[in-house]
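The values are calculated or read from the model by the stated rules, or taken from the named source; none is laboratory data. Please read all numbers here as calculations on a predicted model, not as lab measurements. Methodologically, a virtual Cβ is constructed for each residue, glycine included, from the backbone with ideal geometry; neighbour enumeration extends over all protein chains shown. Each accessible area value is taken on the protein alone, full model and side chains, heavy atoms only, with ligands, DNA and RNA left out. Shrake-Rupley method; radii C 1.70, N 1.55, O 1.52, S 1.80 Å.
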Amino acid sequence: MSTKKRRKVIAGNWKMNMTPTEAKELAKGVYEQVKGKKGCDVVVCVPFVDIPAVAQIVKGTIIKLGAQNVHFEEKGAYTGEISANMLKDCGVQYVIVGHSERREYFGETDETVNKRVQAALNAKLKPIVCVGETEAEREGRLTEKVLER
């Protein structure tokens, strides 16, 4: 393991909340709270529809822009999906993959999460990989096995 100290990241997932107008106001508020701070990266992971609006607010600040998901293909007939290159072109630097809600409600698996991570890395995006157990796995004391998997 490297002896290089890891940089801390504080990331907020805005979930499916806020219109672009509301998101701009929240981004301004976040900036007011973190301006002048050092020692960690601050990332706001916003809904896709809010990315352009929030990108305008965080440009040139210490706040990094993140997306909440990425598709593993570069392009194609994947209605509603967003590619890594599309995100990159919008100014996104981070992307959440493997969130428990995506796994539970949309059938994400370790395999599809891995594909999304690879797509993000190939586009030079920084993936925030969510790795966690279900409630049943936690109650069954299987957390370590889930993390190893």
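Quick notes
- Any hit, the range 103-115, residues being modelled with pLDDT of 95 or more, in contact with a helix residue (DSSP H, G or I) (Cβ under 7 Å, 6 or more places away or on another chain) and over 22 Å from residue 61 (Cα atoms): no
- Residue among 56, 93 that is under 15 Å from the mean Cα position of the chain (by Cα) and under 19 Å from residue 23 (Cβ atoms): 93
- Sole residue being within 16 Å of residue 126 (Cβ to Cβ), at pLDDT 95 or above and basic (Lys, Arg), chosen from 88, 75, 24, 8: 88
- Reported count of residues in the range 16-46, each being over 15 Å from residue 60 (Cα atoms), within 15 Å of the chain's Cα centre (by Cα) and open to solvent by less than 70 Å² (accessible area, probe 1.4 Å), is 2.
- Looking only at residues of the range 48-60 that are at pLDDT 95 or above and small (Gly, Ala, Ser), we find that the one that is farthest from residue 121 (Cα to Cα) is 53.
- Boolean, residue 119 is crowded, with 16+ Cβ neighbours inside 10 Å, among the small types (Gly, Ala, Ser) and in a helix (DSSP H, G or I): yes
- Count - residues of the range 66-90 that are among the β-branched types (Val, Ile, Thr) and either on the phi > 0 side of the Ramachandran plot or under 15 Å from the mean Cα position of the chain (by Cα) (or both): 2
- Looking only at residues in the range 124-146 that are basic (Lys, Arg) and not in a helix (DSSP H, G or I), the one that is farthest from the chain's Cα centre (by Cα) is 141.
- Filter result for residue 86 (of a type in the set (A, V, I, L, M), part of a helix (DSSP H, G or I) and open to solvent by 40 Å² or more (accessible area, probe 1.4 Å)): yes
- For residue 63, the conditions (1) modelled with pLDDT of 95 or more; (2) more than 16 Å from the chain's Cα centre (by Cα) are fulfilled apart from (2).
- Residues of the range 47-68 that turn out to be free of Cβ contacts under 8 Å to residues at least 60 places away in the same chain, crowded, with 20+ Cβ neighbours inside 10 Å and closer than 15 Å to residue 84 by Cα, as a count: 4
- Complete set of residues in the range 2-14 that are touching a residue at least 24 places away in the same chain (Cβ under 8 Å), surrounded by fewer than 13 Cβ atoms within 10 Å (Cβ to Cβ) and assigned to a loop (DSSP other than H, G, I, E, B): 7
- Looking only at the range 122-141, and only at residues there that are closer than 19 Å to residue 43 by Cβ and of a type in the set (Gly, Ala, Ser), the one that is surrounded by the most Cβ atoms within 10 Å (Cβ to Cβ): 123
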